[in-house]
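Only one structure is covered here, and it is reproduced in the block below.
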Amino acid sequence: MVARRLGDWGVKPAAFVPALWQSAAVTAVAALAIYVAGSQLGTWRAPRAASSDLLLLIAWGLGQQFALHTVFLREAQATMGRGVGIVAAAAFFAALHLPNPFLSAMTFAGALAWCWIYDRHPNLLPLALSHALLTL
């Protein structure tokens, strides 16, 4: 009963490890792309965050991932279907980051990946960590 309730809240215990592996892969690819783009544009600066900053970013990422998956994705999939719901939820999440077009585009790409992972392995914790690391 407890595991079912945790799953309803986006923290299905059995999904943690698969979600962690998939989000780690997405995070590594995205971080490399950010680094390469920043290096090419001459805008790369190594992060100077303390562990307290990372903890704050994880909490912030968890809140955003909770809204994205347990509200936007769940409702979009109930209304539009599984695949279209992923794209619709990602688009809505990206629209919340306007008027910054670069942030919106990056948010759309991240949300697509995170929604795809969550749809298969519903656990918010690895996704919040991915969100925090890419924000950093």
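The values are calculated or read from the model by the stated rules, or taken from the named source; none is laboratory data. Quick caveat, the model's predicted, so the values are computed rather than measured. No Cβ is skipped: glycine too gets one built from the backbone with ideal geometry, and neighbour counts run over all protein chains shown. Keep in mind that these areas ignore ligands, DNA and RNA; they rest on the heavy atoms of the full protein, side chains included. Shrake-Rupley method; radii C 1.70, N 1.55, O 1.52, S 1.80 Å.
Annotation: peptides 64-70, 11-17, ranked by per-residue average of other Cβ atoms within 10 Å with the highest first, follow the order 64-70, 11-17. Distance between the 7 Å Cα→Cβ label points at SER51 and VAL17: 2.7 nm.
Taking every protein chain into account, the accessible area of the chain amounts to 61 square angstrom per residue (probe 1.4 Å).
Ordered from highest to lowest accessible area with the whole protein assembly present and a 1.4 Å probe, PHE72, PHE93 read as PHE72, PHE93. Across the accessible surface of the chain, with the other protein chains kept in place and a 1.4 Å probe, carbon and sulfur atoms take up 72 percent.
Calculated over the chain, the projected area of the Cα convex hull averaged across directions stands at 8.7 nm².
The figure for ILE58 is an accessible area of roughly 50 square angstrom, using a 1.4 Å probe on the protein chains alone.
Ordering HIS131, HIS97 by accessible area with a probe of 1.4 Å, largest first, what comes out?
Numbers: HIS131 20, HIS97 40 Å².
Accessible-area ranking of HIS131, HIS97, largest first: HIS97, HIS131.
In µm²/s, what is D for region 64-136 at 25 °C and 0.890 mPa s, where D = kT/(6 pi eta Rh) by Stokes-Einstein and Rh is the Kirkwood radius from Cα pairs? Roughly 205 µm²/s, to the nearest whole number.
If the chain linking VAL29 and VAL87 were pulled fully straight, counting 0.36 nm for each residue of separation and taking away their Cα-Cα distance, it would gain 18.9 nm. Each peptide in 28-35, 105-112 gets a packing score, the mean of other Cβ atoms within 10 Å over its residues, and the list from highest to lowest is 105-112, 28-35.
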